[in-house]
Each structure stands twice: as structure tokens, then as C-alpha cells.
Amino acid sequence: MLGGELQTARLILRPVNWPDMEDMARLKADVGAFGCMLGGVRGRARAEAEMAEDVAFWAERGVGIFSIFEQGRFVGMTGVHERPDGRGLGLRIALFPWASGRGIAREAAGAALNFVLDQGVERVVAVAREDNLPSRIVLGGIGMAQVEQFERDGHVMLVYERRRVAFEW
């Protein structure tokens, strides 16, 4: 990570911070991007509170949420946060609908997940609705495996995980 950024073939992932507030508020208010997220779409006050939490999380843990940029344009967010259900660090991914369908989610989430595991985190989980096939494809494509399921608000939720691989010589 150079200068606080991760780079992939076509994306730059930058730890989320206050200069991203306007973009993040728009993303979190977009039903197509945040409608299936835990807690759903967010208003401005909640988006600002979450920004403060995300900035503090990076400072405390050295991992967190990234803003995703394609050719300098903000397209979404990915990275990890502490899940409110006690399952541990959870991977999140949200893109504006106009940025979907081109492999950005897989590329960005894969880079973020690898970064987190490379920092020594042992296990990362992700939760997706059973009927959210695009998210399930992304999670499988970045090496996450389904390990359990539960019901929330009448929906079957699938829990995926990926563990850090320890190499022994």
C-alpha cells in the first residue's frame, strides 16, 4: 500500500476519510447501492456518523473501509468493519448501480480482502441475502466460502468466510 492506497489493474482504493464525505453520502442514500445493506439507505447524519466511525476504525485497527475510484471517479466502497451481530470483521461492498456489471466489485473487494488478511487478520466474514446473486458471485469469486445461514426480516441470509492461510516452511 503506497501512500495509503491500494492499486489494482484499473482501480485505486483509498482508506475512507472526510474528503470522501459527499461521495459517500450519495452512495449511502442510493437505494440501488445500499438497499440490501444491513440498516438500508442512510440519511446525511447517519452517513457522517459512520464516516467518523470508519476514520477512527482505521486509526485503531489499521484496516477498514476503502473508497473505490475508477479513472479518478468515485464508484463505491469496500473493506471491513466490525459487524454489529458479533460475527467479527465483515467485508462490505457497495457500488453505484451505474458502476455495476463490469467486475469492479470483485476486483475491489478482492484487493481489500487480501490487504486485510495480509495485515494478520485471521478471519473475515461477509453476509449476503440468498436472493442477492451478484453479491454471492463476487464473494465466491474472491475465495469466500459459505459457512452458515440465518433468517433476518423474512430473508435467508448466507454467511461467507475466508481465513488467512499460514505458510509453513
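Compared with the alpha-carbon gap, the fully stretched path from residue 22 to residue 10 is longer by 2.0 nm at 0.36 nm per residue. Show log10 I(q)/I(0) for the stretch 64-168 at q = 0.16 Å⁻¹, two decimals, from a solvent-free Debye sum over equal Cα scatterers. Listed by q, the Debye log ratios stand at -0.69.
Helical runs (DSSP H, four residues minimum) scored at -39500 (n - 2.57) apiece and divided by the length of the chain put the mean residue ellipticity at 222 nm at -10000 deg cm²/dmol. Around the amide H of residue 16, modelled in the peptide plane, lie the amide H atoms of 65, 66, 67, all under 5 Å away and 5 or more residues distant in sequence or on another chain.
Annotation note: trypsin sites (Lys or Arg not before Pro) in the stretch 1-50 located in DSSP loop regions with a Cβ neighbour count of at most 16 within 10 Å are 10.
Bear in mind these aren't lab numbers, they're just calculated from the coordinates by the rules spelled out. Just so it is clear, the model here is predicted, and its values are computed rather than measured. Backbone-built Cβ (ideal geometry, glycine too); neighbour counts: all protein chains shown.
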